[in-house]
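**Student:** Sending over a structure as structure tokens; questions will come in a sec.
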Amino acid sequence: MAFDGIEKAIRRLFRQYGRFLARHPLSFLLLSILVAGGLGAGMYFLDTESSLEDLYAPDNARGKTERAYVQQHFPTNDSATFQATRLINLGRSASVIITSKGSNGNVLSSTTLAAIDSFNTAIKGIQAEVSEKTISIQIYAPGTLGSPTLKTGTDIVKTAKSFRLDYHLRTDSPSDDKLSEKWELAVLSYMEKFKSNYINVCYSTSVALESELAALTTRVIPLFSITFTVLITFSILSCMMLDMVRTKPWLGMLGVLSAGMAIVASMGLCLYCGVKFNSVVAAMPFLALGIGVDDLFVMLAAWRKTHPGGSVEDRMGDTYAEAAVSITITTVTDGLAFGIGAITPIPAVRAFCIFTLTAVLFDYLFQITFFGACMVYIGHREKGNRHAMTCMRVPTPKEAKGRSGCFRAMCTGNAMAGVGEKGEYHDSDHAVMVFFRKHFGPFITKWWVKVIVLLIYGAYLGCAIWGCTQVRQGIRLSRLAADDSYVVDFYDKQDQYYGEYGPRVAVIIAQPLNYWEESTRDQVEKLLAKFEDTDYTFGKTESESWLRDYLAFVNQYSGAIPGLSAATKSSFLSNLYDPFLKNAAFERPKTWLTQTESKS
């Protein structure tokens with residue numbers, strides 16, 4: 001009963017509002033247009049976000065905190081001691097995966113290797129123009145084989161299906177980063193034109209995926225135009241009737257326009273507030289249009305239920321009383337869903353929900369203001385028995401009996417159609433309503449149909465539960481770009497040939513330890529063993545540890561180098577820096593320790 005009272009209160013409130021709107025339609029119409037136009041000007045401040053990390057890494061991601069720690073305690077110098085395994089972000093780079101066009105697909109054939117060498121030389125020779133100056137960049141380009149096979153009983157590689165080249169660029173300073181960015185763009189330009197009779201090359205750069213994400217936004221615009229056109233056409237056709245007075249094609253178009261105004265206003269307001277646009281937000285207009293068109297038909301259905309003989313003010317009051325609860329509940333539930341999503345820590349989802357929540361609210365506001373005002377004017381036209389297109393008064397079909405069939409079909413109408421001699425109103429049912437009431441309803445209630453429906457639903461539920469068990473955490477980067485993007489081919493090849501090997505993981509002990517003590521070394525070794533014994537690593541053979549290298553060095557050369565020992569604090573530290581770290585063979589451990597003064 002309490003909820004019934006709330007519904008009655010809402011109906012009463014909206015009935016009064018509908019009557020008020022009917023008395024002042026021009027004010028609501030102009031105010032809606034001014035609000036949409038004023039907020040829509042915020043589109044001038046359009047700012048897009050395409051960084052994968054900024055979009056998909058949670059605000060409180062542990063990786064961000066730990067990377068900041070690494071950057072502080074283990075700073076790198078790309079120009080002096082570059083190590084690809086120590087990269088903590090993508091930096092600036094270009095990568096290519098090369099496959100052979102030969103019949104056997106072996107990239108180690110002499111012809112293919114010659115083509116790869118020629119390609120590699122061309123890439124290294126690429127020059128970019130900066131401020132009317134031509135530059136070339138020194139790069140680090142290691143190669144990696146994909147899907148290799150070995151000669152029987154040996155470690156000698158016999159064949160390989162792919163050859164990967166990674167070109168790492170300097171980013172030590174802003175000027176280096178800018179130059180490297182120009183070189184990346186030059187590489188992309190070169191690859192677009194590259195052709196070879198011997199090799200296939202798929203490629204990507206550190207900014208390729210972000211660029212493709214940004215490009216998706218512009219590619220959505222034609223799709224949105226098509227959607228807008230289809231919805232307008234559908235709405236117009238759905239609002240049309242054979243009666244030239246009661247038909248409302250313009251109302252269908254204005255309903256879609258109302259949703260379009262909501263989209264423009266919501267985007268402008270969000271951009272005014274500094275919320276950045278991204279490729280995920282590009283889906284928002286489609287949702288907003290769907291919600292707006294749904295509300296349009298709810299309002300139109302409520303209008304058609306009202307008595308044609310009543311005044312426009314009475315009919316608008318009844319329309320709002322009938323439709324208000326439905327569209328209000330829809331708005332509240334949609335708003336709650338997107339409002340909850342707006343507090344998610346994932347920036348891409350949060351921005352999408354903020355834009356969509358705002359669009360839903362403006363959809364609702366313009367529906368009860370702009371669209372309602374349009375209904376008032378069209379209601380007055382209908383009340384005056386005027387033609388839907390010319391707005392001229394037309395005779396009823398009964399009054400035009402002596403006219404031609406074409407005139408009666410196109411130039412007549414009766415606003416009072418469905419009203420009986422005693423004033424009662426019986427609205428004619430739509431053909432779809434008749435089908436569901438007379439045919440589908442009785443059919444679906446037969447006992448054998450119920451059994452079939454239950455079985456089908458049970459199968460559907462079982463498939464849904466099974467599907468939930470197959471959900472896997474993570475995201476394939478190739479899914480973020482357009483289907484025809486060049487980066488999709490690159491990531492597919494990467495998964496195919498190099499998917500077994502993931503990124504390297506660094507384990508940092510963020511506190512001082514007495515490494516010269518046997519017990520401490522044992523604890524460190526046990527910690528490393530735990531990581532190496534998981535199903536996600538390749539064991540001890542693929543691990544790197546400065547402590548293991550140092551102790552192995554001491555054990556191997558203690559008899560040859562006087563005083564070489566790690567048994568005490570003084571000997572451990574002194575021998576660590578000299579001779580161990582001064583040895584050219586141990587340049588890698590040197591970068592892990594000397595810059596932090598043995599803090600880890």
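Derivation of every value follows stated rules applied to the coordinates shown; laboratory data play no part. It should be emphasised that the depicted structure is a prediction, and the values quoted were computed from it without experimental measurement. Heads up, the Cβs are rebuilt from the backbone with ideal geometry, glycines too, and the neighbour counts pull from every protein chain shown.
**Student:** Could you tell me which of Gly539, Ser558, Leu528 has its Cα farthest along the dipole of the range 521-589 towards the positive end, charges placed at Cβ (Lys, Arg +1; Asp, Glu -1), taken about the Cα centre?
**Tutor:** Farthest along the dipole direction, towards plus: Ser558.
**Student:** Let me ask another. For Ala567 paired with Glu500, estimate the spin-label separation in nm (one decimal), with each label point 7 Å from Cα along the Cα-to-Cβ line.
**Tutor:** Simple spin-label model gives 4.5 nm for this pair.
**Student:** Next up: From the phi angles alone, apply the Karplus equation (6.51, -1.76, 1.60; θ = phi - 60°) to the range 110-116 and give each ³J(HN,Hα) in whole Hz, x where the residue is Gly or Pro.
**Tutor:** Listing the rounded values in order: 4, 5, 5, 4, 5, 5, 5 Hz.
**Student:** Now a separate question. Which of these values of Cα Rg over 2.2 N^0.38 Å was calculated from the structure shown: [x] 1.21; [y] 1.42; [z] 1.13?
**Tutor:** Recomputing Cα Rg over 2.2 N^0.38 Å here gives the entry labelled [y].
**Student:** Continuing with the same structure: Against the longest principal axis of the chain, how steep is helix 62-73, in degrees 0 to 90 to the nearest 10, with axes from Cα atoms?
**Tutor:** Here the helix axis deviates by roughly 40 degrees.
**Student:** Treating only the Cβ of Lys, Arg, Asp and Glu as charged (+1, +1, -1, -1), what charge dipole size does the range 91-205 show about its Cα centre? Round to the nearest 20 debye.
**Tutor:** Numbers: 13 positive and 11 negative charges, 98 e Å.
The dipole of the range 91-205 has a size of about 480 debye.
**Student:** Same structure again: Around Arg381, with a cut-off of 14 angstrom between Cβ atoms, what is the net charge of the other residues, counting Lys and Arg +1 and Asp and Glu -1?
**Tutor:** Combined, the nearby Lys, Arg, Asp and Glu give +4.
**Student:** Dipole of the chain (Lys/Arg Cβ +1, Asp/Glu Cβ -1, origin at the Cα centre): which of Ile98, Tyr190, Val349 lies farthest to the positive side?
**Tutor:** About the Cα centre, the residue reaching furthest to the positive side is Val349.
**Student:** May I ask you to evaluate 6.51 cos²θ - 1.76 cosθ + 1.60, the Karplus curve with θ = phi - 60°, for each residue of the range 188-195 and list the ³J(HN,Hα) values in order in whole Hz, giving x for glycine and proline?
**Tutor:** Whole-Hz 3J(HN,Hα) from phi for the range 188-195: 4, 5, 5, 5, 4, 9, 6, 9.
**Student:** Just to verify a number: FRET efficiency for Asn555 and Ser109, C-beta to C-beta distance, R0 = 41 Å, to 0.05?
**Tutor:** The pair Asn555/Ser109 has a calculated efficiency of 0.40.
**Student:** While we're here: In nm, give the distance between the simple-model label positions of Leu46 and Thr149, each being 7 Å from the Cα along the Cα-to-Cβ direction.
**Tutor:** Placing both labels 7 Å beyond Cα along the Cβ direction yields 5.3 nm.
**Student:** The range 147-237: which trypsin sites (Lys or Arg not before Pro) are DSSP loop and have at most 12 other beta-carbon atoms within 10 angstrom?
**Tutor:** Here the trypsin sites (Lys or Arg not before Pro) that fit, given the DSSP loop and packing criteria, are Lys151, Lys195.
**Student:** How big is the Rg/Rh ratio for the range 518-596, C-alpha atoms only, Rh by Kirkwood, two decimals? Present the calculation step by step, with values, prior to reporting the outcome.
**Tutor:** On the way: Rg = 13.7 Å, Rh = 13.7 Å.
A ratio of 1.00.
**Student:** Checking the table Lys158/Lys182; Lys64/Lys193; Lys493/Lys526; Lys248/Lys398 against a 32 Å threshold on Cα-Cα, which pairs fail?
**Tutor:** From Lys158/Lys182; Lys64/Lys193; Lys493/Lys526; Lys248/Lys398, over 32 Å: Lys158/Lys182; Lys64/Lys193; Lys493/Lys526.
**Student:** Something else now. Just from its helices, what would the mean residue ellipticity at 222 nm be for the chain, if runs of 4 or more DSSP H residues each count -39500 (n - 2.57) and the sum is divided by every residue, rounded to the nearest 500 deg cm²/dmol?
**Tutor:** -17500 deg cm²/dmol
**Student:** Working from Cα positions, state the angle (0 to 90°, nearest 10) between the long axis of helix 347-366 and the longest principal axis of the chain.
**Tutor:** Orientation of helix 347-366: about 10 degrees from the principal axis.
**Student:** Could you tell me how far the Cα centroid of the range 199-253 sits from the Cα centroid of the range 445-497, in Å?
**Tutor:** 25 Å
**Student:** For the range 533-551 and the range 18-37, what is the separation of their C-alpha centers, rounded to whole Å?
**Tutor:** 72 Å
**Student:** So, counting K/R as plus one and D/E as minus one, what does the shell of residues with Cβ under 13 Å around Thr144 add up to?
**Tutor:** +1
**Student:** If you don't mind, there's one more thing I want to ask. At a Förster distance of 41 Å, what's the computed FRET efficiency of Phe538 paired with Arg219, Cβ-Cβ distance as r, to 0.05?
**Tutor:** 0.55
**Student:** Per q in 0.23 1/Å, what log10 I(q)/I(0) does a Debye calculation on the alpha-carbon atoms of the range 91-205 return?
**Tutor:** With no solvent term, the Cα-only Debye profile gives -1.25.
**Student:** Mind listing the long-range amide H neighbours of Asn200? Cut-off is under 5 Å, sequence gap 5 or more, other chains count too, H placed in the peptide plane at 1.01 Å from N.
**Tutor:** Those lying under 5 Å, H to H, from Asn200 are Thr99, Ser100, Lys101.
**Student:** Treat every Asp and Glu Cβ in the chain as -1 and every Lys and Arg Cβ as +1, leave all other atoms uncharged, and give the resulting dipole magnitude about the Cα centre to the nearest 20 debye. Walk me through the numbers before you get to the answer.
**Tutor:** On the way: 59 positive and 56 negative charges, 453 e Å.
Once rounded to the nearest 20, the dipole reads 2180 debye.
**Student:** Here's another thing I want to ask about it. Starting from the Cα of Leu90, step 7 Å toward the Cβ, then list every residue of the range 275-295 with an amide N under 17 Å from that point.
**Tutor:** From the range 275-295, the list is 278-280.
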